[in-house]
Amino acid sequence: MNTSIPATVYQKRRATIAKALKAAGGGIALLPTASEYPRNRDSDFPYRHDSYFYYLTGFTEPASWLAIEASGKTTLFCRPKDLEREIWDGIRLGPKAAPESLGVDEAFSVETLDEKMSLLLANQNAVWFPFATHKGLETQVDGWLNKVRARIRFGAECPQSQHDLCKLLDEMRLIKDAHEIAILRRAGVISAGAHVRAMQVSAALLRQPAKGVKSALTVVPREYHLEAELLHEFRRHGSQYPAYTSIVAAGANACILHYRADTAELKTGELCLIDAGCELDGYASDITRTFPVSGTFTPAQRTLYDIVLRAQEAAIAVTKPGKRFTDPHDAATRVLVQGMLDVGLLDTKKHGTVDDVLLSGAYRQFYMHRTGHWMGMDVHDCGDYTEPGSKPREEKDALGKMVMKKPPRILQPGMVLTIEPGIYVRPAKGVPKQFWNIGIRIEDDALITAKGCELMTRGVPVKADEIEALMRG
């Protein structure tokens, strides 16, 4: 259970949902938490709650459900107290203690869910639940509705419509309140410290006695050594989990976007790309840094690194209220394309000007992803990327075809997004060899403020000179 956010905050969130249901004509909202999943025989994967459920309850136990009625009444279903199971699995809150602890009106054992849910659904004109997020949920709701229909001749009325609860919750979660921002800032600080630690350890491992010199401390430095340092730093500062599987990519592995830390050796003269962030009290962080494993950039590495950094700076400059979600991407991409032309990754004789390259999409050979995404409880957080209530307009898609699209979302204070341009150079004909197998990404988490944005993850250096100085220290 989350103790860093007061129970009254969750009560207000539930009241907001009830108010929205009432404005929509009434009804009831149903929301389960995540299921437990077996990893192998007699062992489960580490449990992680459902983000929507947690957003409305702060409750982390599995096998739980929440019902919110338009009247404002809230009902929780949770595991019953069981002294024998608690010996093995840990203490349960239980239905008796839930109302006072969580601020819900009523709580029952989840063992009574089928019996009581059909009663809660009776005489409601609509039912809201998250679509396409929990396998089998639609079938489960249909079963309860069938029980209500079976009682129609006794005076019960069955809900006449079903709606996606995510539509309401996504808009709420997109704008972070002061409690959420405080946790996100702290998560950013912890994750930044982990990146600093990884850089320092990388340099220390490369300063070991030379191969052939006997030492009990001598190891072959590998990606998983740095992953271990990240996890250590996350946990020792109170983070419950990594927000996602850490990417620690040495050398050419950095050109694989979703690479996972493995056994590759950290070699002098190569770069290492680390994309890693912790999860703290249900909220994520997301940082990427690219650094020379031995502490000094080569001229070719420094050239590309500075291009990516300039691209990020251009994106940061337009990450502010009133701008659209795509503006940082457009600003970063323009700088990246100019850099690609300047250093010969793209041939001006073949590809033309910056505008020509942007139009043709030739830059995607070296930059194939977007410059950011929403971030919050989930590292790729929920929220519409187009402006609500806007009308579709005709524009070109990534392949140059004309399609109907809504305008991108207008940035507002309280939104949190990542800013993460990159360049990835795989060996190819016509590509200067000094850049082969160099992959660089720089990523920070940005909170939209009243006048611009706050970078919550700058506790780890980003300028090349500062990275080199840190690693020398």
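The table that follows gives values for the structure above.
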{"item": "Residue in region 295-313 that is nearest to C382 (Cα to Cα), counting only those that are of a type in the set (G, A, S) and surrounded by 21 or more Cβ atoms within 10 Å (Cβ to Cβ)", "result": "A311"}
{"item": "Scope region 304-325; condition without any contact (Cβ under 8 Å) to a residue 60 or more places away in the chain and not aliphatic (A, V, I, L, M); matching residues", "result": "R310, E313"}
{"item": "Matching entry among Y241, Y224 (being more than 27 Å from R426 (Cα to Cα) and not polar (S, T, N, Q))", "result": "Y241"}
{"item": "Near pairs, Cβ below 8 angstrom, 6+ apart or cross-chain, from region 155-169 (on the phi < 0 side of the Ramachandran plot) to any residue that is of a type in the set (V, I, T) and assigned to a loop (DSSP other than H, G, I, E, B)", "result": "C166/T133"}
{"item": "Whichever residue in region 265-301 is closer than 28 Å to L417 by Cβ and charged (D, E, K, R) and, among such residues, is nearest to the chain's Cα centre (by Cα)", "result": "D286"}
{"item": "Within region 421-457, considering residues that are among the small types (G, A, S) and not in a strand (DSSP E or B), the one farthest from R302 (Cα to Cα)", "result": "A450"}
{"item": "Filtered residues of region 146-163 (kept if crowded, with 18+ Cβ neighbours inside 10 Å and at pLDDT 95 or above)", "result": "none"}
{"item": "Qualifying strands (runs of 3 or more DSSP E) (wholly inside region 321-420; at least 2 residues being among the hydrophobic types (A, V, I, L, M, F, W, C) and out of contact with any Lys or Arg (no Cβ under 6 Å at 6 or more places or on another chain))", "result": "402-405, 416-419"}
{"item": "Residue tally, condition under 21 Å from R186 (Cα atoms) and among the hydrophobic types (A, V, I, L, M, F, W, C), over region 424-469", "result": "10"}
{"item": "Residues that are more than 24 Å from H179 (Cβ to Cβ) and touching a residue at least 24 places away in the same chain (Cβ under 8 Å), drawn from region 389-418", "result": "A398, L399, G400, P407, P408, I410"}
{"item": "Checklist (1) within 30 Å of P413 (Cα to Cα); (2) surrounded by fewer than 17 Cβ atoms within 10 Å (Cβ to Cβ); (3) outside the structural domain of D444 (by TED's automatic domain parsing) applied to C166, failing item", "result": "(2)"}
{"item": "Some residue of region 315-330 being surrounded by 18 or more Cβ atoms within 10 Å (Cβ to Cβ), among the aromatic types (F, W, Y) and farther than 20 Å from Q434 by Cβ", "result": "yes"}
{"item": "Helices (runs of 4 or more DSSP H) fully within region 15-134 counting 1 or more residues that are surrounded by 18 or more Cβ atoms within 10 Å (Cβ to Cβ)", "result": "51-57, 98-102, 113-121"}
{"item": "Lone qualifier among I419, I423 - being of a type in the set (A, V, I, L, M), in contact with an Asp or Glu (Cβ under 7 Å, 6 or more places away or on another chain) and surrounded by 15 or more Cβ atoms within 10 Å (Cβ to Cβ)", "result": "I419"}
{"item": "Residue within region 388-397 that is in the same structural domain as A332 (by TED's automatic domain parsing), at pLDDT 95 or above and in contact with a helix residue (DSSP H, G or I) (Cβ under 9 Å, 6 or more places away or on another chain) present", "result": "no"}
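The values are calculated or read from the model by the stated rules, or taken from the named source; none is laboratory data. Quick caveat, the model's predicted, so the values are computed rather than measured. When we count neighbours, we look across all protein chains shown, and the Cβ atoms used for this are built from the backbone with ideal geometry, even at glycine.
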